[in-house]
1. Condition first: closer than 22 Å to L30 by Cα, over 16 Å from the mean Cα position of the chain (by Cα) and of a type in the set (D, E, K, R). Now tell me which residues in the range 55-97 satisfy that.
2. Do we find a residue being open to solvent by 60 Å² or more (accessible area, probe 1.4 Å) and among the β-branched types (V, I, T) anywhere in the range 84-97?
3. With the requirement that a residue be in contact with a Leu (Cβ under 9 Å, 6 or more places away or on another chain) and part of a loop (DSSP other than H, G, I, E, B), what does the range 219-235 give you?
4. Residues that are open to solvent by less than 30 Å² (accessible area, probe 1.4 Å): list the helices (runs of 4 or more DSSP H) wholly contained in the range 3-61 that include at least 3 such residues.
5. Look through V150, V204 and report the one residue that is within 24 Å of G50 (Cα to Cα), open to solvent by 30 Å² or more (accessible area, probe 1.4 Å) and either under 20 Å from the mean Cα position of the chain (by Cα) or within 11 Å of the ligand (Cβ to nearest atom) (or both).
6. Give the residues of the range 213-245 that are surrounded by fewer than 12 Cβ atoms within 10 Å (Cβ to Cβ) and under 14 Å from M46 (Cβ atoms), sorted by residue number.
Amino acid sequence: MTVLDFQAKKQKGQKISMITCYDYTFAKILNETDIDVLLVGDSLAMVMHGYPTTLNASTEMMALHTAAVVKGASKKFVIGDLPFMGYRKSLSENMTCIEQIMKAGAQAVKLEGAAGNLETVRHAVDSGVPVMGHLGLTPQSIHQLGGFKVQGRDEKAHKAIMQQALQLQEAGCFSVVLECVPADLAKEITTELEIPTIGIGGGVNCDGQVLVLQDMLGMNQDFTPKFLRKYFNGAEELKKAFNKYHSDVIHKEFPNEKESY
Ligand code: KIV
């Protein structure tokens, strides 16, 4: 998978699968799967570091996790998220943030929103950096959006998101994530744009889908948004394994002779 395959897949009507990844061990496993793209999402602030929102992700954190993922996933296209405020300063500071993520080994970066970002997108693209956009529910604006809510429901918001998608395409983005938008809006944007859309809570008509790895593995039992399909009962299965180990230790069933020197 290269950046050119995004366009090629859209033209051929082939869907793109993307999943978040934040560490070397999962990257190595994902490297041996059919998944097309790995996203080192700023959701790592919540999933890996326990913060309540993505606002606490820093450039250093993003670069560190990107480097770990890239080491394990040599065969995958890896996208690094630009963190909150990392691309909202001067063009020079924005480019320093992008430089750090790219030098950590990402093949592309992702940023949220269109307003105020178009110059940075153009400059990054002109500098050889593929940029993915992200519209709809943009978690870095959570305090302005008033919570994790579906976006683009009314006519005005619907038109605004469509226009932002066109602006990002025009500025040079190679793809755009559509998060928590009505399926009919995602379908309209997907039809209108030449570049592929990647949905998370955007319905089946997007050109691809993305899920947070820990969410789709069922690691967080309390997180059950409508769009999420859990492919594994991770929390339960892992707890079973940990408890079995505990039981083996206290009953002197681990280690056995074969496991001893
Ligand atoms: O940070 C992230 O994980 C993301 C995806 C949910 C698209 O941006």
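The values are calculated or read from the model by the stated rules, or taken from the named source; none is laboratory data. As the structure is a prediction and not an experimental result, all values here were calculated from the model. Quick reminder, even Gly has a Cβ in these numbers, built from the backbone with ideal geometry, and neighbours come from all protein chains shown. Note: areas computed on protein heavy atoms with side chains; ligands, DNA, RNA excluded. Shrake-Rupley method; radii C 1.70, N 1.55, O 1.52, S 1.80 Å.
1. Correct list: K71, K75.
2. Within the range 84-97, the first condition is being open to solvent by 60 Å² or more (accessible area, probe 1.4 Å), and the residues that meet it are 84-85, 88-89, 92-93, 96.
Now drop any that are not among the β-branched types (V, I, T), which leaves 96.
The answer is yes, given that some residue of the range 84-97 is open to solvent by 60 Å² or more (accessible area, probe 1.4 Å) and among the β-branched types (V, I, T).
3. M219, F227, L228, R229, K230, Y231, F232, N233
4. So the answer is 24-31.
5. Numbers: V204 fails: within 24 Å of G50 (Cα to Cα).
It is V150.
6. Hits for the range 213-245 are D222, P225.
Residue-by-condition table, conditions (1) in contact with a Ser or Thr (Cβ under 7 Å, 6 or more places away or on another chain); (2) touching a residue at least 60 places away in the same chain (Cβ under 8 Å):
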{"site": "G199", "(1), (2)": "no, no"}
{"site": "G202", "(1), (2)": "no, yes"}
{"site": "C206", "(1), (2)": "yes, no"}
{"site": "E237", "(1), (2)": "no, no"}
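Every residue, every condition in (1) touching a residue at least 40 places away in the same chain (Cβ under 8 Å); (2) part of a helix (DSSP H, G or I), yes or no:
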| site | (1), (2) |
| --- | --- |
| V125 | yes, yes |
| M132 | yes, no |
| V150 | yes, no |
| R153 | no, no |
| A157 | no, yes |
| I161 | no, yes |
| L168 | yes, yes |
